[in-house]
Each structure stands twice: as structure tokens, then as C-alpha cells.
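These notes concern the structure reproduced below.
Every read-out reported here was derived from the displayed coordinates using simple, explicitly stated rules and does not represent laboratory data. Values in this document were obtained by computation on a predicted structure and should not be read as measured data. Positions of Cβ are generated from backbone atoms using ideal geometry, with glycine treated the same way; all protein chains shown enter the neighbour counts.
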Amino acid sequence: MTLPGSSDRIARDTAPALDEAEVVAYLRRHADFLIRHPELIDRLAPPSRGDGVLDMQTFMIERLRRREARLRANHDALLIAGRRNRATQTQVHGAVLAVLDARSLEHLVAVVNEDFPRLLDADVVSLCVENGADGRTRVRSGIRCLAPGTIATLIEPGRTMAIAVGEAGEAGEDCVFGAGTGLVRAQALIRLDLGARDAPASLLALGWRRDDAVAPGRAGEAFDFLGTALATCLRTWLDRPA
């Protein structure tokens with residue numbers, strides 16, 4: 001007859017005992033053991049400070065302080081990024097309203113060239129179209145004419161925009177920013193889909209002196225929205241009879 005609980009006691013009594021070397025070896029192989037079992041920290045007796053003896057309690061406190069500092073820094077970074085995204089969205093909404101308010105194609109081009117720098121807090125703005133068949137870049141009626149195939153080299157196929165950050169003059173593309181290239185440390189190139197199969201490839205180029213004005217992965221949806229709104233308005237005016 002086996003008494004209740006006797007089988008567990010027998011199993012414990014017959015289980016091979018672990019020596020300290022095996023425990024140490026196991027913990028070395030599983031450095032995250034206390035992370036996975038934090039409840040054990042309260043049951044462990046940390047050594048007191050002494051010559052050559054690690055103060056476990058001080059170590060854990062310092063570790064928690066460093067972790068808290070990292071979490072606080074990440075939190076602050078997220079707050080800053082969130083504020084910048086909201087600011088960018090507000091700027092883009094203002095630019096879209098200005099585009100929708102244009103009364104002619106010429107007025108629309110003027111809005112891009114004259115109002116976008118103020119509305120988007122940008123230092124250089126260019127509206128570009130590929131129709132420079134001779135391979136030269138020219139400015140015609142406020143629009144920069146690019147050589148065919150230029151935009152495909154600036155924006156990867158299948159993507160709607162390209163964002164780059166670098167030293168002054170390195171991030172900017174000379175063919176789209178012209179004389180303003182040397183100012184540009186951050187740029188956003190936005191592909192404009194004019195809809196018609198025979199419509200020339202087009203883009204909106206935004207450049208900033210500040211390298212923190214825009215960053216890859218930030219405010220992408222807002223710039224997509226701006227590009228879609230601008231392309232739609234361009235199609236509307238181009239489709240109207242002269």
C-alpha cells in the first residue's frame with residue numbers, strides 16, 4: 001500500500017542530486033534564467049558587499065536603473081517622432097488644400113513652386129516631368145524637364161517615393177533641385193501618377209537643409225497622400241480642353 005504523496009517523496013529522494021558545478025554550468029548556458037523566472041529573485045540571498053565579492057543587490061538595482069533609462073529614452077524618442085509626424089501631417093493637409101484650391105494649371109504649378117516651401121517648411125521644391133528628349137534638364141513654365149528614364153533611376157520600380165538623408169549636397173539630386181542642390185541634406189522624391197498610359201513620368205521633389213526634417217519610414221503615408229492629391233489635380237487640368 002502506497003500512502004498519498006509517498007511516490008513524489010520517493011521520486012525526490014531517488015533523484016540524482018545536482019552539485020554546484022552543474023548548477024553553475026546550467027546558469028552559464030541559460031543566462032536569461034532569472035528573466036524567465038523573476039519570482040526566484042526574491043528567494044535568492046544576494047551576497048553583501050565585501051572584498052572581491054559581487055554585490056548582487058547593487059548589481060540588480062543598477063541593471064534596473066539602466067533598463068529604466070533605456071525605456072525612458074525610447075519613450076521620449078517615440079514622443080518626439082509622434083509630434084514630428086503630426087506636424088508633417090498638418091503641413092501636408094495644408095498643402096493639399098492649397099492644391100485643391102488652384103483655379104488653373106498655371107495656378108497649380110505656382111502653388112507648388114511658391115506656396116509649398118512655406119506650407120511644408122521645405123527649402124527647395126521642384127515639380128519635374130520627363131520630356132527632355134535631348135537628355136538635358138530645363139525649366140519650362142515652373143516645371144523642370146528631365147531626360148526620359150531619369151525618375152526610374154531615382155525611385156525604385158514599384159515604389160511611390162524615395163527618401164534620403166546625408167551631408168549637404170550629397171542627399172539632393174542635381175537634376176531635380178538644380179542650383180538648390182547644395183542646400184539639401186534631406187530629400188523626399190514622390191512619384192506622381194498622371195494616369196494616362198502616354199503621360200510622361202513625373203515627380204514632386206522636396207528638399208530640406210535639416211537632416212532631421214524627414215527620415216525613411218516616417219510620414220510616408222502623408223507624402224503618399226500629397227502625391228496622390230497633386231497628381232489627381234494635375235490630371236484634371238491636363239484633361240481640360242485649352
Inset, instruction - Report the local net charge at Arg191: Lys and Arg +1, Asp and Glu -1, summed over other residues whose C-beta lies under 13 Å from its C-beta. - result: -3
Legend entry - Kirkwood estimate for the stretch 74-239, i.e. one over the average of 1/r between Cα atoms, Å: 16.0
Inset, instruction - Please arrange Ser202, Ser141 by counting, for each residue, the other beta carbons lying within 10 Å of its beta carbon, fewest first. - result: Ser141, Ser202
Legend entry - Label-to-label distance, nm, for residues given as Ala147 and Leu78 (7 Å Cα→Cβ offset): 4.8
